[in-house]
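The values are calculated or read from the model by the stated rules, or taken from the named source; none is laboratory data. As the structure is a prediction and not an experimental result, all values here were calculated from the model. Because the Cβ atoms are built from the backbone with ideal geometry, glycine has one as well, and the counts that use them run over all protein chains shown. Ligands, DNA and RNA are excluded from the accessible area calculation, which covers all protein heavy atoms including side chains. Shrake-Rupley method; radii C 1.70, N 1.55, O 1.52, S 1.80 Å.
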Amino acid sequence: MMLEPKTVQILFADLQPQIVARSKTNTPDALARSAAVLAQVARLLHLPMDISVVPEGGQPPELIPELARETDGVAQLPRLSFSPFLDEATRAAIAATGRQHLVIAGFATEVVVLHAVRDALAAGYRVHVPVDACGGMSSRTEDAAFRQIEAAGGVTTSVVTLVTAMAPGVSTDLGRQAFKILQSLRLA
């Protein structure tokens, strides 16, 4: 399945150091690397990005450094709900792009990712979840969440698969640049 970049947008959710540190299914380093690659490719292909964050411990939300470097200038949308779609500002930002393919990455798969996917599907989006840019609380619970995502109509995939669906070859400069970004995953 090929994806036309002009139809795609990215939602990063709860990729904050103290939250990502709890990932048991995808190491925090691997999750951060995959999210950063996804953000780099989003910039390259001019994909809109939204960042949903939750306050924790009374401190202002802070992104994992790998993602923060790649999303400089992208507004953070604070929320207090389990689903970013229950936050009016986040819902409006996503709708404003007019793009029907929504890629959702974040922690925890069993909570914010699953609820965001369900709500996005209900709102009419086509949803893709790169499993390598997500993390779960346990293999058993994350596997259950992935099954629910797929049963609801969401697509579980990987960062590599998404990128190569949007930039399908190295015959163009854009394709070569995307492939070079992807190499950082292989070399890590």
> Would you pick out the residues in region 4-18 that are open to solvent by 10 Å² or more (accessible area, probe 1.4 Å) and either out of contact with any helix residue (DSSP H, G or I) (no Cβ under 6 Å at 6 or more places or on another chain) or at pLDDT below 95 (or both)?
Replying inline: Glu4, Lys6, Thr7, Pro17, Gln18
> Taking the stated definitions as given, is Thr27 surrounded by fewer than 19 Cβ atoms within 10 Å (Cβ to Cβ), among the hydroxyl-bearing types (Ser, Thr, Tyr) and within 25 Å of Leu182 (Cα to Cα)?
Replying inline: yes
> Out of curiosity, is Glu56 farther than 18 Å from Asp132 by Cα, touching a residue at least 40 places away in the same chain (Cβ under 8 Å) and either of a type outside the set (Val, Ile, Thr) or out of contact with any Lys or Arg (no Cβ under 8 Å at 6 or more places or on another chain) (or both)?
Replying inline: yes
> Failed condition for Leu80, given (1) at pLDDT 95 or above; (2) more than 22 Å from Met166 (Cα to Cα), with all others met?
Replying inline: (1)
> aromatic (Phe, Trp, Tyr) and farther than 22 Å from Pro48 by Cβ: does that describe Phe146?
Replying inline: yes
> Residue check, Gln40 against (1) modelled with pLDDT of 95 or more; (2) not in a helix (DSSP H, G or I), all met but one. Which one?
Replying inline: (2)
>> Go through (1) under 17 Å from Val8 (Cβ atoms); (2) touching a residue at least 12 places away in the same chain (Cβ under 8 Å) for Thr109 and report which single condition fails.
In response: (1)
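Here is a yes/no grid of residues against (1) in contact with a helix residue (DSSP H, G or I) (Cβ under 6 Å, 6 or more places away or on another chain); (2) surrounded by 22 or more Cβ atoms within 10 Å (Cβ to Cβ); (3) within 19 Å of Leu3 (Cα to Cα):
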{"residue": "Ala32", "(1), (2), (3)": "yes, yes, no"}
{"residue": "Val37", "(1), (2), (3)": "yes, yes, yes"}
{"residue": "Pro60", "(1), (2), (3)": "no, no, no"}
{"residue": "Pro65", "(1), (2), (3)": "no, no, no"}
{"residue": "Gly73", "(1), (2), (3)": "no, no, no"}
> For region 152-170, what are the residues that are over 17 Å from Arg33 (Cα atoms) and touching a residue at least 60 places away in the same chain (Cβ under 8 Å)?
Replying inline: Ala165, Met166, Ala167, Pro168
